[in-house]
1. Which one, [x] 22; [y] 17; [z] 13, gives percent of Cα pairs over 38 Å apart as derived from the coordinates shown?
2. Output the relative contact order of segment 295-377, whole-number percent, from Cα pairs under 8 angstrom with separation of 6+ residues.
3. What number, in nm² with one decimal, is the all-direction average of the projected area of the convex hull of the alpha-carbon atoms of segment 209-252?
4. Helix-only estimate, please: 222 nm mean residue ellipticity of the chain, summing -39500 (n - 2.57) across DSSP H runs of length 4 or more and dividing by its residues, to the nearest 500.
5. Rounded, prolate or oblate for segment 108-182? Axes are the square roots of the Cα gyration tensor eigenvalues, ordered a ≥ b ≥ c, and the cut-off for rounded is a/c under 1.5.
6. Below 13 angstrom from the Cβ of A176, what's the summed charge of the other residues (Lys, Arg +1; Asp, Glu -1)?
7. Taking the highest mean first, how do the peptides 362-375, 258-271, 380-393 order by number of other beta carbon atoms within 10 angstrom per residue?
8. Of A246, S271, H235, which is farthest along the charge dipole of segment 199-273 in the positive direction, counting Lys and Arg as +1 and Asp and Glu as -1 at C-beta?
Amino acid sequence: MTQRIPVVLITVLAALAGAASLGAEAVGREVTVSALDNEKFLPAVAYNGDREEFLVVWHNRWGSSRDVYGARLDRFGKVLDSFVLATGGYDRAQPAAAYDPVHDRYLVVWIYDYYGNGSDWDVYGRLVPWDGPEPGLSEFPIWDATDSQWNPKVAYSTGDDTFLVVWGNTAVGATATVSMRYVASDGTPHYAGTVAGDATNDYLNPDLTYGQLRDEYLIAYEVNGADIAVRRVDHTGLLGSEVMVAAWPDAESGPAVAACPGQDQWLVAWSNSAPDVFARFLHGDAAVDGGPLTVTTAGGADDTPAVACLPGGGQYLVAWEGEFTGLRTGIIGRRLDTGKNFLAPEFQIRPVYSTQTRSSATPAVVGSEIGWSVAWVQEREGSTYSDIHARMVWALFADDFETGNTSMWSLVSP
């Protein structure tokens, strides 16, 4: 295997203005979501199917302080607006978001440095209308125990009009655990419980998705920073048994999960210690469905996968950091269908260009009717600052379109 080499971007005429060809896939024009003079980290993205637009959230670091910002993108990835979501005297970081179609708004969650000295991080949230924050909808605590919470994720249940928030916990002298809490659509926190925790093992870095067919969630997490496990949970808090998805001699980490509407299955992706990226399908009851699939073992480090399905079902996109020459990273992707088939080789969502000295990192992805929005951190050339960039990966030009499957055509008509 050899490392990927920098390429030159070639813009081509396509059915959608601004589409470009990178590899065998059609992608939209790269857009700068935020270029404020600061460092930016950990974007997350949610899709509003009613308005056909996206919400991208991330946290900024302004020297020694952190806060959470957001931006709206239209269905083609154009930036519509940007705004402050959470700021103040103490740090706010690691945001995630989910959309509630009943009330046409999002729940954005993050961690909050309660005392301002890093000793107690709590989970906070804010309801955000589709067109941006309202002063009357302020931030509120979701979990404020005396230990520290990390990496919150959130998903919305269409069957129960409720959000589920999951996170990791750490405390001095104790093992790490994963917890959850239901939040009503009006922002009222309800039942809370432990997803994974005991006196022996550390449970870390959860991810979360909602499966519409069963009206259940799937929570994935690391076990001792070496294995990947999952548990199902319904809208009442009833947890299914733990299922080991990846438990080999090397270390597996960074789980990402997705579900396709109308499909009785889940998809889990992760990276190993090489690092390379793998994925595995699960049946709706979380039983493993065949062995792991190798998403990529290209030369160099491949890490931090994200995964999402199109709302119409049928196709997933896995996106990850991929190493190019010079130890710089770009954003790579690969599509696969619900039948466990890869639809094409991996392709470059954001390559490293020949004149570039900085990297792209930590992709986030969500699906829409016409494709996926992928957001990432883009280190700024000639600076210590970093920005948030995004790009559409179109469902147009997928294999189904080019082989004449007209079920895809209506998804891209004006």
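1. The value matching this structure is [z].
2. So the answer I get is 29 percent.
3. Directional mean of the projected Cα hull area for segment 209-252 stands at 3.3 nm².
4. Per the formula, 0 deg cm²/dmol.
5. In terms of gyration-tensor shape, oblate.
6. After counting each charged neighbour, the total is -4.
7. Packing order, densest peptide first, comes out as 362-375, 258-271, 380-393.
8. Value: H235.
Values quoted throughout were computed directly from the atomic coordinates according to the rules given, and no laboratory measurement underlies them. Since the model is a prediction, treat every value here as computed from it, not as a measurement. Quick reminder, even Gly has a Cβ in these numbers, built from the backbone with ideal geometry, and neighbours come from all protein chains shown.
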